[in-house]
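Below is one structure, written out as structure tokens, with a few remarks after it.
The values are calculated or read from the model by the stated rules, or taken from the named source; none is laboratory data. This structure is a prediction, so every number in the text was calculated from the model and none was measured. Note that we place each Cβ from the backbone using ideal geometry, even for glycine, and neighbour counts take in every protein chain shown. Heads up: the accessible areas ignore ligands, DNA and RNA and are worked out on the full protein's heavy atoms, side chains in. Shrake-Rupley method; radii C 1.70, N 1.55, O 1.52, S 1.80 Å.
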Amino acid sequence: MLRVCCCLAVILLHTSARTIYLYGDCDPISWNFANLANSATRWSVPVFVMLSGALLNRRLIDNPWQFIAARLKRFALLILIWSAIYFAWRAAFHHEPLSAPAIARDLFHGQPYYHLYFLFSISDLSIVAPVLSPAIQRLPRRLSVALSMTATAIAGITIAAQGYDPNFLTYFVHYIGYFALGALLPARSGRPRWHLVVVIIAAISLTAILTAFTVSYSGGTQGRWSLYFYNYFSPTVVVAAIAVFILFARLNVPLWSRTFLQTTASLTLGVYLIHPIILELLRWFWTRYLPSALNPAIDVPLTFALTALLSGTIVFFARRVPALRAAI
């Protein structure tokens, strides 16, 4: 269930981003609504990383070289296919004059498109997993949690002090703390700790309030600190991500919904990869045929719902085609 929620949150994050950058050009109510929606979804990427860590780090990896080779083969194929798709999309849809040096530069920075950095990050973290897994198994749990939290805090401090300019080899470094926490925090399922809901609401609200202040103080979204609290390593986002992860780890999923959720969860990677194309096609359609739908009050909920529905439907049927299954 958490994987599905993360995927939906990422789509909402990207859908609401347009309104965030319209600061000053749209009414304050619409902007603050988008700010709240964006703030409420910032935990999604860290939790995605924690989910990957939970799957990879909870047991010792018997054959590290075989494991690394299999993971790299899988992610290399995904990176190759989806980089080609999005370079073609940029040339055809955005009319970007892409040259060989520009393509090489974007690949080096892990940015064939704005969301594909995640493939590079998880691929690199898979290489680290055979080293992290024994440490997680052998060190005292409290020490492991403390070290992981320290790594996440250092990442946040480094980004605040120096900015953030990783490449395809270094994206994973900042996420190591989250990756390890994924295996450490949900030691066992149990009764949900509902006070975590209060923590999550408080962290999201603080992210929205502080972002509204920094954007207003900076006079727009382009200042260095304008969108700092959206950063995946800002204190409010770290707290929200950890609280969401622990809360969901303790939820008991009803038996009647498990088959549906398992099927839906299998679509999440494909939906994550394809949804920017669907999102941008919908925005193109609104611009050309239904300009009123670009009103943020209409655009954010409508475009979010349609993007999620259409992306999920496309991936569901694409996975039925053997030749396409490996790409999604």
*Before anything else, pin down the relative contact order of the range 217-307: Cα pairs under 8 Å, at least 6 apart, normalised by residue count, whole percent.*
14
_Cβ crowding within 10 Å averaged over residues, with 130-136, 50-56, 236-242 ranked highest first_ = 236-242, 50-56, 130-136
*Find the Rg to Rh ratio for the chain, where Rh is the Kirkwood radius over alpha-carbon pairs and Rg uses the same atoms.*
0.95
_Separation in nanometres of the label points that stand 7 Å from Cα toward Cβ, at Arg224 and Arg105_ = 2.3
_If you average the C-alpha positions of the range 195-255 and of the range 101-122 separately, how far apart do those two centres end up, in angstrom?_
26
*Pull out the extension gain between Leu143 and Leu261, defined as 0.36 nm times the separation in residues minus the alpha carbon to alpha carbon distance; nm, one decimal.*
39.1 nm
*asked:* Keeping every protein chain present and rolling a 1.4 Å probe, give me the accessible area per residue for the chain in Å².
replied: 50
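Let me have the 222 nm mean residue ellipticity of the chain computed from DSSP H runs of 4+ only, each contributing -39500 (n - 2.57), with the sum over all residues rounded to the nearest 500. Don't jump to the answer; show the numbers that get you there.
Numbers: 14 runs with 235 residues, N = 328.
The helix contribution divided over the chain gives -24000 deg cm²/dmol.
With an 8 Å Cα cut-off and a minimum separation of 6 or more residues, compute the relative contact order for the chain in percent.
Numbers: 389 pairs, mean separation 87.3, N = 328.
It comes to 27 percent, rounded to a whole number.
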*Take the solvent-accessible surface of the protein heavy atoms, probe 1.4 Å, and return the percent of it on the chain that carbon and sulfur atoms account for.*
69
